[in-house]
Structures are given as C-alpha cells and as structure tokens.
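The values are calculated or read from the model by the stated rules, or taken from the named source; none is laboratory data. Owing to the predicted nature of the structure, the values given are computational and were not obtained by experimental measurement. Here the Cβ positions follow ideal geometry from the backbone for every residue, glycine too, while neighbour counts run over all protein chains shown.
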Amino acid sequence: MGTGKSTVGKALAQKKNIKFLDLDQYIEEKEKLSTDLIFENKGAIYFRKTESENLCLLLNEPDAMVLSLGGGTPCFGDNMKNILENPENKVIYLRSSVTTLTNRIFPERQHRPLVARFSEKEKLQEFIGQHLFERSYFYNQSPYKISTDGKSLDEIIVEIEETIAS
C-alpha cells in the first residue's frame, strides 16, 4: 500500500502500449463488490481463494500486460511460486521506506479501510513497519527490486525499463 503499484503500473503499460490490470479491481468487477465488502461479507479465506484463482487465470493469459497485485497477494497460498514460475514474467517489487509509506498514506488514510483507524502518524508507521517485516520474505523473492523513495514517476519507469532490459 502506497508504493505506487497502480500508478507506476498504469504508466508503464501506457508507455509499452500494453494492457494494465489491477488484480483487486479485477476481482471487484467479477464479484460486483469492493474488496472490503468481500472480506466483510464472505471472509478472508474466500477472498484469498478467489484472489489465487484469478491470479492464476491472469498469469496464463497469452497477451502481455502489466499486472498490479495487492500487497498481500504474494504472501498467501502458492501465489508467489505461481508468479515466479514463468521466467517470462518480470516480477518487480516496488520498495518504499516505512517513512515514505507513512507520509504517503497518512493524509489519505480515511480512504483506505485497513489504516483508517490510525489517528496518530506514529501508530500508522508502526503498523506499516510490522506489515513490511511480516511480508518481506515474500516480497524479497522478486528478482527485481526498485526503490521509489524520492523518485518521480518518470524516474521509476526508466529504472524499471533499464532493470528488466538487462
């Protein structure tokens, strides 16, 4: 959350003239419910199972695309294994520091149900740090890691292109 997965993904797809998909939005459209309501009405297990099924479906599409995943996607089931399985996939971890993420997320936290309850920046920072620590094992399996700290969108896109080209 807050690393710019969707923003960077859309810009990269546009530059490459290929399709962009956000996995959470894709699921929301298929389920006709927001991810929050899916969690609330059907439960986390249902969401994660649906997420895994749709991820596999999209990973097997023949057309090139930029696919933005939710922050939890790589951490459940065999998702990361499935993502990394095809050497054609260019798997990129957009990495941001806890401070950068806190500064990006805090002003808009009311629009993000997972963090809306945090009225103190320090508590949000602690939450983000804990989440990153818990998920780092999965995130660090990505063959490509790009730091977004202090970089413009254009700089990130150029770095991605240079990184995956080499």
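Does Ile18 meet the test of being of a type in the set (A, V, I, L, M), modelled with pLDDT of 95 or more and either within 13 Å of Thr73 (Cβ to Cβ) or within 13 Å of the chain's Cα centre (by Cα) (or both)?
Criteria not met by Ile18.
Filter the stretch 74-90 down to the residues that are in contact with a Lys or Arg (Cβ under 9 Å, 6 or more places away or on another chain) and at negative phi and list them by number.
Those that are in contact with a Lys or Arg (Cβ under 9 Å, 6 or more places away or on another chain) and at negative phi: Pro74, Cys75, Phe76, Asn79.
I'd like to know if the stretch 143-152 contains one or more residues that are in a helix (DSSP H, G or I), loosely packed, with under 13 Cβ neighbours inside 10 Å and without any contact (Cβ under 8 Å) to a residue 24 or more places away in the chain.
no
On the basis of being on the phi < 0 side of the Ramachandran plot, surrounded by 14 or more Cβ atoms within 10 Å (Cβ to Cβ), out of contact with any helix residue (DSSP H, G or I) (no Cβ under 6 Å at 6 or more places or on another chain) and β-branched (Val, Ile, Thr), does Ile38 make the cut?
Here the answer is no, as Ile38 does not meet what is asked.
Any residue at all in the stretch 103-112 that's touching a residue at least 24 places away in the same chain (Cβ under 8 Å) and either within 21 Å of Leu12 (Cα to Cα) or part of a helix (DSSP H, G or I) (or both)?
Looking for residues that are touching a residue at least 24 places away in the same chain (Cβ under 8 Å) and either within 21 Å of Leu12 (Cα to Cα) or part of a helix (DSSP H, G or I) (or both), one finds at least one in the stretch 103-112, hence yes.
Any idea which of Phe133, Phe118, Phe138, Phe76 is buried (at least 17 other Cβ atoms within 10 Å of the Cβ) and over 24 Å from Tyr26 (Cβ atoms)? Quick ask: steps written out before the conclusion?
Numbers: Phe133 fails: buried (at least 17 other Cβ atoms within 10 Å of the Cβ); Phe138 fails: over 24 Å from Tyr26 (Cβ atoms); Phe76 fails: over 24 Å from Tyr26 (Cβ atoms).
Residue meeting the stated conditions: Phe118.
So Leu94 clears everything in (1) surrounded by fewer than 17 Cβ atoms within 10 Å (Cβ to Cβ); (2) under 23 Å from Ile164 (Cβ atoms) except one condition, right? Which one?
(1)
Of the residues that sit in the stretch 137-156 and are closer than 28 Å to Phe76 by Cα and aliphatic (A, V, I, L, M), which one is nearest to the chain's Cα centre (by Cα)? Steps first, answer last, please.
Taking the stretch 137-156 first, the residues closer than 28 Å to Phe76 by Cα are 137-149, 156.
Next cut, aliphatic (A, V, I, L, M) only: 146, 156.
On the way: Ile146: 13, Ile156: 15 Å.
Looking at residues that are closer than 28 Å to Phe76 by Cα and aliphatic (A, V, I, L, M), I get Ile146.
Do we find that Phe20 is over 20 Å from Arg135 (Cα atoms), among the hydrophobic types (A, V, I, L, M, F, W, C) and surrounded by 14 or more Cβ atoms within 10 Å (Cβ to Cβ) in this structure?
On the way: over 20 Å from Arg135 (Cα atoms): yes; among the hydrophobic types (A, V, I, L, M, F, W, C): yes; surrounded by 14 or more Cβ atoms within 10 Å (Cβ to Cβ): yes.
Criteria met by Phe20.
Give the stretch 113-139 a look and list any residue that's part of a loop (DSSP other than H, G, I, E, B) and either modelled with pLDDT of 95 or more or touching an Asp or Glu at 6+ places or on another chain (Cβ under 8 Å) (or both), or say none.
Here is the first cut: in the stretch 113-139, the residues part of a loop (DSSP other than H, G, I, E, B) are 113-120.
Listed by number, the list holds a single entry, Pro113.
List every residue pair whose Cβ atoms sit under 9 Å apart, with the two residues 6 or more apart in sequence or on different chains, where the first one lies in the stretch 1-14 and is on the phi > 0 side of the Ramachandran plot and in contact (Cβ under 8 Å) with a residue 60 or more places away in the chain and the second, anywhere, is among the hydroxyl-bearing types (Ser, Thr, Tyr) and in a helix (DSSP H, G or I).
Here the result reads Gly2/Thr100; Gly2/Thr102, each pair linking the stretch 1-14 to a residue that is among the hydroxyl-bearing types (Ser, Thr, Tyr) and in a helix (DSSP H, G or I).
Can you pull out the residues in the stretch 100-136 that are of a type in the set (Asp, Glu) and over 22 Å from Cys75 (Cα atoms)?
Those that are of a type in the set (Asp, Glu) and over 22 Å from Cys75 (Cα atoms): Glu108, Glu120, Glu122.
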